[in-house]
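**Q** The structure is given below, and queries will be raised subsequently.
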Amino acid sequence: MAISIKFLVKRAIKKELKKAIKVSLPNKTIIISDVHLVAHISRYHKCINTLIRELERYKQEGYKLVILGDFFDIWIASEKNIINAKHNQKLLNIIYSMLIVLITGNHDRIKYKILKKYCSDKLIVAKSIKCNNTLITHGNVGELTEYISWLNNISIYAVRGLSWLHRKGFFRELPRAANDVSKKHCYNLQAAQEALSINLICGHTHNPRIEYKECQNGHSIDHYYANTGCSSYVNGSIDILEYCSSKKNFNNAPCLQRFKYC
């Protein structure tokens, strides 16, 4: 079973490489993922304040922004309700001014018609992009929910139920079983990336990490796997990936920055 799942993930990434939109990212680019913005104020709202603070700092330094999916959690609330929620306005105003690429994930399979009205006309909304030898995608490629629609629907109802329980204070974090599944998918993604000898940047699994393979000379990086983690909640902190797309620094792996809640 594990072998077949690894095969599915590898095949799915191959397909994404062919379909991905070729993009040249600015030298100063930051990447975040899995904000899971909703219409109600959740326990994770304090992490949004930290995200706002850090995005404002990056904006002053001239950085642009890429979001790797699950920015809105459409499984829980509609795009219209999320955008109109008063407590989301400060974050959204910063996003509007910085955002250049918005990757869609499994929780936000929408065209972002309303959000695009407030962003630059050059905003790219896609399932994945390719920059040089780097595939940048959400990370849910190859999962069974991508192939079985009814299983995806069950997941939606399960998340809605967990969200309700979370708002009622029954638990603070995702159940351990969900975390274990995410970690296994993380390893499958990395195995596929290594087999294809590409750079892979993704989110989805909520497990921030960077793994890279050095060249034989030991002085440069052959290819790397980077997961942005989750910008909503990760052990009391958020993670932001600093990415440089210039040819001079192309072989350098991105830098994962962690910021504690303010």
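**Q** List, please: which pairs have Cβ atoms under 6 Å, are six or more places apart or on different chains, and start with a residue in segment 113-128 that is closer than 23 Å to Glu16 by Cα and end with one that is part of a loop (DSSP other than H, G, I, E, B)?
**A** Partner pairs satisfying both residue conditions: Val125/Tyr112; Lys127/Thr104; Ser128/Ala20.
**Q** State yes or no: is Ala77 farther than 23 Å from Asn140 by Cα, among the small types (Gly, Ala, Ser) and without any contact (Cβ under 8 Å) to a residue 60 or more places away in the chain?
**A** When the stated conditions are applied, Ala77 does not pass them.
**Q** Any idea which of (1) in a helix (DSSP H, G or I); (2) in contact (Cβ under 8 Å) with a residue 60 or more places away in the chain is the one Asn93 doesn't satisfy?
**A** (2) is the only condition that Asn93 fails.
**Q** Kindly evaluate Lys18 against the criterion of being farther than 22 Å from Lys90 by Cα and modelled with pLDDT of 90 or more.
**A** yes
**Q** I'm checking my understanding of the structure. Among residues of segment 202-230 that are over 22 Å from the mean Cα position of the chain (by Cα) and part of a loop (DSSP other than H, G, I, E, B), which one is modelled with the highest pLDDT?
**A** Cys215
**Q** From the list Tyr233, Tyr261, exactly one residue is closer than 30 Å to Ile76 by Cα and either modelled with pLDDT of 80 or more or under 17 Å from the mean Cα position of the chain (by Cα) (or both). Which is it?
**A** Every option except Tyr233 fails the conditions.
**Q** Among the numbered criteria (1) under 19 Å from Cys230 (Cα atoms); (2) at pLDDT 70 or above; (3) among the hydroxyl-bearing types (Ser, Thr, Tyr), which single criterion is violated by Ser163?
**A** (2)
**Q** Given the conditions (1) more than 25 Å from Lys130 (Cβ to Cβ); (2) in contact with a Pro (Cβ under 6 Å, 6 or more places away or on another chain), report the number of the one that Lys64 does not fulfil.
**A** The number of the failed condition is (1).
**Q** Same structure, new question: Looking at (1) under 18 Å from the mean Cα position of the chain (by Cα); (2) more than 19 Å from Ile240 (Cβ to Cβ); (3) modelled with pLDDT of 90 or more, find the lone condition where Lys117 falls short.
**A** (1)
**Q** When segment 97-111 is examined, which residues are found to be under 23 Å from Pro26 (Cα atoms), of a type outside the set (Val, Ile, Thr) and surrounded by 16 or more Cβ atoms within 10 Å (Cβ to Cβ)?
**A** Met98, Leu99, Leu102, Gly105 - these are the residues of segment 97-111 that are under 23 Å from Pro26 (Cα atoms), of a type outside the set (Val, Ile, Thr) and surrounded by 16 or more Cβ atoms within 10 Å (Cβ to Cβ).
**Q** Restricting to segment 56-90, and then to whatever is part of a helix (DSSP H, G or I) and among the charged types (D, E, K, R), can you tell me which residue is surrounded by the fewest Cβ atoms within 10 Å (Cβ to Cβ)?
**A** Lys86
The values are calculated or read from the model by the stated rules, or taken from the named source; none is laboratory data. Just so we're clear, the structure is a prediction, and the values are computed from it rather than from any experiment. Cβ atoms come from the backbone with ideal geometry, glycine included; neighbour counts cover every protein chain shown.
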